[in-house]
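Right, one structure below, let's go through it.
The values are calculated or read from the model by the stated rules, or taken from the named source; none is laboratory data. Every value quoted in this text rests on a predicted model; they were computed, and no experiment measured them. SASA here: full protein model, heavy atoms, side chains in, ligands and nucleic acids out. Shrake-Rupley method; radii C 1.70, N 1.55, O 1.52, S 1.80 Å.
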Amino acid sequence: MLLQDRIDFRDTSCVLLTSAKFRFRPVVLNKLIKRLEDYFHLPRWNKDSYYAREFLEYKNIVFNKEFKIDSELKVKLGRFNFDLTYNSKKKKYSVDVFAFIYPVIDVVNLFYCIPLEDMTVDEHIYFRKAIQFDKFKKGSLKLHNTGFLKTANEFDYTDFGSITREIYRIFVELSGYRRYRVLHTLACLGKKLALDLQERFCKTGTGTEKDGAEKNSAEKNESKGHRSLQKLYIEHLFEKINIEKLLLLEIRDIPDFGGNCAQDKDFKEYYAKKLYGLLVCDEGYDFVPEGTVGNAIDESFGSRDFFRVYASNIGVVMFNLINCECRIKYNDFQREIGERFQDNSSGILTRNPEIAGLEHGALLAMEESINLLTIINSNMRKSYLSHNKKISKIIDNRRKLIEIINLISSININEITNLKNLMLKKIGILAFVSKVRERLDIAENDTLVIYQRRNNFLVMIITVLGVFFAAMSISEIKSGIVEFLKNLLMGS
């Protein structure tokens with residue numbers, strides 16, 4: 001099948017949500033913003049701004065209560081632009097970047113909020129591969145430092161993964177955790193030493209052609225050494241920091257869809273393969289067997305006729321048809337209810353938030369899921385799953401596993417909404433619960449076996465010592481042992 005340029009979806013937007021776990025000490029928001037001003041041009045959190053109201057209002061309406069684990073440290077870091085080029089076409093995008101910090105669980109989330117335009121399914125998949133999976137690094141993606149970071153005049157980052165690591169590096173530096181601070185200080189000292197050596201060498205140069213060549217060679221070596229030092233620092237810094245990524249795509253208008261709502265049978269049948277392609281980021285969706293497609297999109301969530309949420313292990317696709325007839329009727333109904341009962345929240349439900357996925361709680365539910373995913377994958381390393389024979393290590397691993405189980409249980413999995421339940425299942429967290437319980441049983445068995453072996457060995461030692469001291473109580477045996485030791489010492 002030839003690629004088509006016909007527009008599949010209109011009025012689309014997305015949020016790339018990244019999450020990392022590292023120690024972050026609690027701090028007052030104003031103080032955090034003050035410190036961020038050394039790195040970003042315009043970090044802020046204005047409670048009267050659209051983004052602050054949207055995050056707060058939709059959280060309160062959708063969940064009807066505070067999160068089990070919430071954050072007061074919400075910051076808009078700023079905005080930058082980027083170009084995506086393909087087939088001689090260059091498309092420009094702007095990105096609003098938010099950071100949510102959760103010191104209680106040592107998690108820092110970054111939201112890249114990107115308004116899109118009318119696009120085909122193939123363009124959406126290409127776009128997703130570029131920003132979520134960093135697939136294209138040969139000039140097709142160009143990031144511009146348009147008043148975002150102070151640390152560079154222009155970005156030399158070639159993908160979203162690079163700038164994500166740089167932002168997390170800044171937050172690690174500001175985390176207040178002593179070990180991170182020491183690592184950063186050592187890296188800065190190493191950088192200063194490399195520059196001092198380079199400057200000293202330049203001053204002592206003779207100016208001859210030979211000396212100039214040697215100087216250039218030395219400068220290159222110094223620069224290479226500095227880059228190696230910085231690379232080593234970054235690698236050491238992130239060797240234990242696992243970054244998770246999920247992307248939410250919201251689609252608000254479908255030009256060729258003649259139905260009245262996103263729940264229609266015709267909707268699912270007509271867009272099944274395209275939905276599969278978007279959901280799993282597979283450009284070969286037209287060639288996927290129907291059974292495979294059906295298994296991927298078999299479950300979804302929608303508490304209104306005009307929206308539907310689908311999830312996979314890499315993110316969420318949300319259809320929110322704001323221009324269909326049933327949505328228009330719904331808006332009229334909500335306004336009437338709000339006026340009759342003087343309920344301001346009814347009016348909020350008729351808005352179309354600028355940030356993708358906020359309406360109906362899809363983005364906030366995805367954030368809760370990625371928090372759990374980050375904690376799980378940060379703790380469930382190979383060392384935690386390996387059969388370590390040290391009983392102290394097994395007990396420590398068991399404690400960590402129990403903490404994860406308790407955290408997951410704290411969000412009341414059996415009682416949460418179908419939306420969050422869907423995401424937890426599709427992302428793989430619910431399956432993880434049974435895996436952890438199985439691992440707990442193995443860890444407990446390992447602990448009992450090792451404890452029994454050590455106990456048997458201790459009993460054997462006590463028995464031998466008991467026999468020895470009992471023998472020493474008999475004078476004939478005692479004198480024989482003393483004589484034997486005396487001869488042994490004299491012979492040596």
Chain lengthening between ASP156 and ASN295 when straightened (0.36 nm per residue, less Cα-Cα): 45.9 nm
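Leaving out ligands, DNA and RNA, and with a 1.4 Å probe, what % of the accessible surface on the stretch 244-355 is carbon or sulfur?
On the stretch 244-355, the fraction of accessible area on carbon and sulfur atoms equals 45 percent.
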Nearest-10 value in Å² for the accessible area of GLU117, using the 1.4 Å probe: 60 Å²
Surface accessible to a 1.4 Å probe, per residue, for the residues of the stretch 244-355, Å²: 48 Å²
Relative contact order of the stretch 28-116, defined on C-alpha pairs under 8 angstrom at six or more residues apart (%): 22 percent
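Quick one: accessible area per residue over the stretch 34-155, 1.4 Å probe, rounded to a whole number of Å²?
45 Å²
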Fraction of accessible area attributable to carbon and sulfur, the stretch 65-163 (%, probe 1.4 Å): 49 percent
